[in-house]
Amino acid sequence: MKFTDGQWLVREGVQLDRAMDLRRVEVFEGGLRAVVATRRIIERGDTLQGPVLTWTLTSPMEGVIKVRVEHFRGLEFVRAKPFFPVNADAGHRPAVREEADGTVLEAGGLSAKISGPEWNLSFHEGDRLLTSTGVRNAGLARVGGVSHMREQLLLGVGETVFGLGERFTAFVKNGQVIENCNKDGGTGSDQAYKSVPFYLSNNGYGVLLHETGHASFEIGTENVSRVQFSLPGESLEYFVIGGPSPKDVLRRLTALTGRAPLVPSWSFGLWLTTSFTTSYDEKTCTSFIQGMLERDIPLHVFHFDCFWMREFEWCNFTWDPEVFPDPEGMLARLHELGLKVSVWINPYIAQLSPLFAEAASAGYLLKRPDGSPYQTDLWQPGMGIVDFTNPDACRWFADHIRRLAGMGVDSIKTDFGERIPTDSVVYHDGADPALMHNLYPLLYNRCVYEALREAKGEAVLFARSTYAGGQQYPVHWGGDCNSTFESMAESLRGGLSLGLCGFAYWSHDIGGFEGNPSPDVYKRWIAFGLLSSHSRLHGSTSYRVPWLVDEESCDVLRHFTKLKCSLMPYIYSAALEATESGVPVMRAMLLEFPDDPACWQLDRQYLLGPSMLVAPVMAADSEVTFYLPEGTWTDYATGKPRAGGRWFREKHSFMSLPLFVRENSLVAAGFDDSRPDSDFHASCKVQIFHPSASEPAKCVIPRADGSIAGTVTAQHDGDTLSIEWSGDLPDISFEWVGIKGDCTARGAEVQSTLRGLIITPPPGATSLSVKQGMRKPAGRLAHA
């Protein structure tokens with residue numbers, strides 16, 4: 001919300017009291033408290049009346065400072081304000097010290113300084129200023145009798161801001177007004193299914209607003225040199241999260257809000273759905289599956305969308321007996337084909353569902369102030385909304401999930417959760433409905449995820465809505481997109497923005513959800529989708545099997561599905577890294593290259609894991625423009641090197657796209673290109689790309705269960721490649737990509753290919769050295 005009319009005036013109908021004079025700083029164990037007047041205090045009489053704001057600074061962990069700004073605090077003694085949960089290091093105690101010009105709270109390398117007499121609060125990493133708030137920035141606004149708290153943090157020269165959830169608008173958020181409110185708006189709007197009140201700055205820090213209400217972010221709009229965030233209420237709480245690198249910020253963010261767990265390896269395979277409103281039964285579904293098998297297209301998960309349940313009864317958690325008379329038998333037959341099964345649900349109970357009366361009478365649904373169930377016709381006629389603040393309702397809902405899991409369901413698509421009322425509704429725990437709107441999908445997904453994990457020993461969701469901390473209940477997909485190239489691009493912007501908020505995994509509807517994709521859109525989206533974290537074919541009114549598009553689509557889908565399956569050791573190791581560090585599997589370029597200003601703007605390419613650059617083709621003329629940062633990059637398909645630090649423009653067939661590997665990288669690949677959950681560690685090939693003399697290239701090779709099978713390092717001193725490995729790697733080989741010429745490796749078999757050299761070590765070996773027959777003048781091996 002904007003409160004001012006330009007630099008000097010306040011908008012009509014707004015009363016704005018802004019922080020002015022620092023009156024007092026109090027030191028207590030673990031923190032600081034500052035009292036700030038909202039007027040100039042010239043004489044004692046100026047202390048009478050008028051709001052006074054209180055800042056409280058603490059630190060939950062090293063590198064993170066919590067800031068709480070308060071006007072009235074009486075409400076907290078009446079009812080608790082809902083927050084999304086955060087973690088804290090119980091043993092962490094920040095240091096406080098007095099300096100000549102202020103009082104400093106120090107949390108590791110991050111510090112906050114309070115100074116006066118004019119109010120100023122600044123955040124530093126060492127001697128470097130990250131951001132600050134000062135005179136006239138923070139304040140209390142009254143609009144139509146409603147109080148709003150606002151804060152403004154410095155936006156420095158050249159500073160750019162990213163994140164704020166799954167946002168389909170421009171990747172760089174400068175100049176935007178962002179409403180922190182989950183809505184079902186589709187990817188073609190400025191609304192978000194997954195609002196996350198966190199932004200990442202290229203100045204080496206992040207800010208997390210620890211609130212669930214409908215906040216508004218004005219990024220360089222209300223004040224062009226400030227990021228403003230505001231929300232209704234009498235208090236406001238946020239965390240400043242230190243870096244210095246974007247990866248460091250994400251590591252601390254996810255330590256605070258929770259990291260994504262490792263999802264099972266089978267979930268990385270190809271998912272095929274019935275689509276939404278299409279007609280289907282077991283015979284139809286089986287025909288799709290058999291069609292994929294006949295065309296040698298690997299398929300790993302089959303999803304039943306809404307109409308697996310009877311119409312007008314969503315959710316009743318019961319297979320429609322007219323269409324699926326033998327659900328247990330059908331699920332067993334699908335499992336015999338090597339498939340996992342997913343089914344669709346939402347958190348609503350339609351009036352015609354046999355469960356409605358049970359839920360309403362037991363108090364499991366949100367209520368109106370008169371005690372009756374809150375009902376609406378928006379989606380299913382007369383539906384009620386499950387109240388996940390009621391522990392009994394959670395157990396009841398979870399029992400249905402556990403029952404489905406017992407029948408053979410492996411995964412749940414948790415759709416919806418955005419259209420949650422904000423007034424005229426009562427929660428079981430008495431929470432403010434306006435503050436529960438964004439928090440609701442987090443509770444919904446947590447209930448389903450934990451029930452599924454309890455029943456199966458593992459859990460995978462396909463969730464549309466969530467909030468801060470939602471990465472703990474993966475996987476998430478991008479919602480309703482159109483079948484166009486433009487929608488491909490907006491979907492990718494959303495996924496990269498969500499990844500910059502600590503979400504490890506992300507997917508989207510291959511081919512687009514709304515509409516019937518043209519053959520070129522469908523085939524280009526296949527390449528994008530299979531080089532994403534998770535890969536699902538899904539549509540609204542038409543089936544998404546490739547032979548209904550054209551025969552070439554079958555070839556494209558087969559090629560990229562097998563490519564992804566073969567890359568599973570590499571992709572799964574990136575997933576493991578995400579669980580340990582909070583760095584997503586699909587990475588915006590700025591995460592790996594924060595010092596390259598060109599990477600700050602890039603939103604049509606990304607890194608899959610730490611090393612593989614992907615630039616989807618999003619144009620009917622088959623042309624794609626992409627940027628390679630400094631260094632040597634290798635075309636994954638051909639093995640040919642390319643010098644970075646510049647832009648490229650190319651045309652690609654439907655069987656290719658720009659897919660490059662950065663120098664000094666190891667990419668582990670499996671020999672099984674049909675399944676993502678094979679024993680890929682038992683027979684794998686480690687591909688070596690331009691190893692360095694100064695720093696060894698490293699990789700871990702996981703097992704399909706997520707444990708570490710072994711590690712590999714490689715280093716090149718100019719004419720000798722040294723490789724070492726350890727662990728349970730019984731059938732390992734190496735490919736030195738891009739090398740040509742005579743090479744020898746004692747006891748190992750060396751074979752030349754179009755991409756480079758295949759090196760097969762002798763049984764039982766744990767190291768080897770590969771020498772080139774002739775030293776090159778530049779001190780490096782020749783590259784193909």
query: Mean separation of Cα pairs under 8 Å and 6+ residues apart, divided by the residue count of the chain: what relative contact order is that in percent?
result: 10
- line: Gyration tensor on Cα atoms of the range 391-430, a ≥ b ≥ c root eigenvalues, a/c under 1.5 rounded, else prolate if a/b beats b/c, else oblate, says oblate
Length added when fully stretched, Glu76-Thr541, from 0.36 nm per residue minus Cα-Cα: 162.5 nm
query: If you project the alpha carbons of the range 420-539 onto the principal axes, what extent comes out on each, in Å, largest first?
result: 52, 37, 26
field: For the range 478-581: span of alpha carbons on each principal axis (Å, largest first)
entry: 42, 27, 18
message: If you consider only alpha-carbon coordinates, what radius of gyration and Dmax does the range 460-505 have, in Å?
response: 11.0, 31
- prompt: How many percent of Cα pairs in the range 216-303 exceed 21 Å?
  reply: 65
- prompt: Relative contact order, percent, of the range 559-633 when contacts are C-alpha pairs under 8 Å separated by at least 6 residues?
  reply: 21
query: Can you give me the relative contact order of the range 638-696 as a percent, contacts being Cα pairs under 8 Å and 6 or more apart?
result: 33
- prompt: Glu454 to Lys283: FRET efficiency via 1/(1 + (r/R0)^6), r the Cβ-Cβ distance, R0 35 Å, to the nearest 0.05?
  reply: 0.55
message: Step by step: find N for the chain, compute 2.2 N^0.38 Å, then divide the Cα radius of gyration by it. What's the final number?
response: 1.01
statement: Applied in sequence order to the range 43-60, the curve 6.51 cos²θ - 1.76 cosθ + 1.60 (Karplus, θ = phi - 60°) yields integer Hz couplings, x standing for Gly and Pro, of 9, 4, x, 6, 7, 8, 6, x, x, 10, 9, 10, 9, 10, 10, 9, 9, x
- prompt: Whose amide H sits under 5 Å from the amide H of Met383, counting only residues 5 or more places off or on another chain, with H placed in the peptide plane?
  reply: Gln351, Thr376
message: Show me, for the range 454-464, the HN-Hα J-couplings you get by feeding each phi into the Karplus relation (A = 6.51, B = -1.76, C = 1.60, θ = phi - 60°), rounded to Hz, glycine and proline as x.
response: 4, 7, 10, x, 7, 8, 9, 9, 10, 9, 9
message: So if each residue of separation counts as 0.36 nm, and I subtract the Cα-Cα distance between Thr221 and Asn87, what length gain in nm does that give?
response: 45.0 nm
- request: Using a 1.4 angstrom probe, figure out how much accessible area the chain has per residue, in square angstrom, rounded to the nearest whole.
  value: 36
query: Taking R0 as 22 Å, what's the FRET efficiency between Glu294 and Ala332 from their Cβ-Cβ distance, rounded to 0.05?
result: 0.50
task: Classify the range 538-696 as rounded, prolate or oblate from the Cα gyration tensor: take a ≥ b ≥ c as the square roots of its eigenvalues, call it rounded if a/c is under 1.5, otherwise prolate when a/b beats b/c and oblate if not.
output: oblate
message: Could you check the spin-label model distance between Ser581 and Trp647? Points 7 Å from the Cα along Cα→Cβ, value in nm.
response: 2.9
For the range 567-652, the Rg and Dmax computed from alpha carbons only, in angstrom: 13.5, 41
- request: First select every other residue whose beta carbon is under 11 angstrom from the beta carbon of Asp387; then total the charges, Lys and Arg +1, Asp and Glu -1.
  value: -1
- prompt: Which net charge results for the neighbourhood of Phe654, defined as the other residues with beta-carbon distances under 9 angstrom from its beta-carbon, given Lys and Arg at +1 and Asp and Glu at -1?
  reply: -1
- prompt: At a 1.4 Å probe radius, carbon and sulfur cover how many percent of the accessible area of the chain?
  reply: 49
query: From the backbone phi of the range 436-447, what are the Karplus-calculated ³J(HN,Hα) couplings (6.51 cos²θ - 1.76 cosθ + 1.60, θ = phi - 60°) in whole Hz, Gly and Pro given as x?
result: 8, 3, 6, 6, 3, x, 5, 5, 4, 5, 4, 4
- request: Scan the chain and report its longest stretch carrying no GluC sites (Glu not before Pro) that are both in a DSSP loop and have at most 12 other Cβ atoms within 10 Å.
  value: 323-784
In nm, spacing of pseudo-spin labels at Leu352 and Trp379 (7 Å Cα→C-beta vector): 1.7
task: Could you list which residues have their amide H under 5 Å from that of Gly165, counting only those 5 or more apart in sequence or on another chain, with H placed in the peptide plane?
output: Val196, Phe198
message: On a 24 Å Cα-Cα criterion, which of the cross-link pairs Lys81/Lys247; Lys81/Lys173; Lys340/Lys562 come out too long?
response: Lys81/Lys247; Lys81/Lys173
- request: For n ≥ 4 DSSP H runs only, could you compute -39500 (n - 2.57) per run for the chain, divide by its residues and tell me the 222 nm figure to the nearest 500?
  value: -5500 deg cm²/dmol
- line: Net charge (Lys, Arg +1; Asp, Glu -1) of residues whose beta-carbon lies under 12 Å from that of Asp603, Asp603 excluded, is +3
Projected label distance in nm at Arg128 and Arg368, using a 7 Å step from Cα toward the beta-carbon: 5.7
task: Express in nm, to one decimal, how much length is gained between Asp742 and Gln49 on full extension, taking 0.36 nm for each residue of separation and deducting their alpha carbon distance.
output: 240.8 nm
- prompt: Using the beta-carbon distance between Glu26 and Arg395 and R0 = 51 Å, what value does 1/(1 + (r/R0)^6) give for FRET efficiency, to the nearest 0.05?
  reply: 0.70
message: What are the extents of the Cα atoms of the range 1-151 along their three principal axes, in Å, largest first?
response: 47, 39, 31
message: Check which residues have an amide H placed less than 5 Å from Thr4's amide H, if you skip close sequence neighbours.
response: Arg11
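The values are calculated or read from the model by the stated rules, or taken from the named source; none is laboratory data. Every value quoted in this text rests on a predicted model; they were computed, and no experiment measured them. Positions of Cβ are generated from backbone atoms using ideal geometry, with glycine treated the same way; all protein chains shown enter the neighbour counts. Quick note on the areas: whole protein, heavy atoms, side chains included, nothing else; ligands and nucleic acids left out. Shrake-Rupley method; radii C 1.70, N 1.55, O 1.52, S 1.80 Å.
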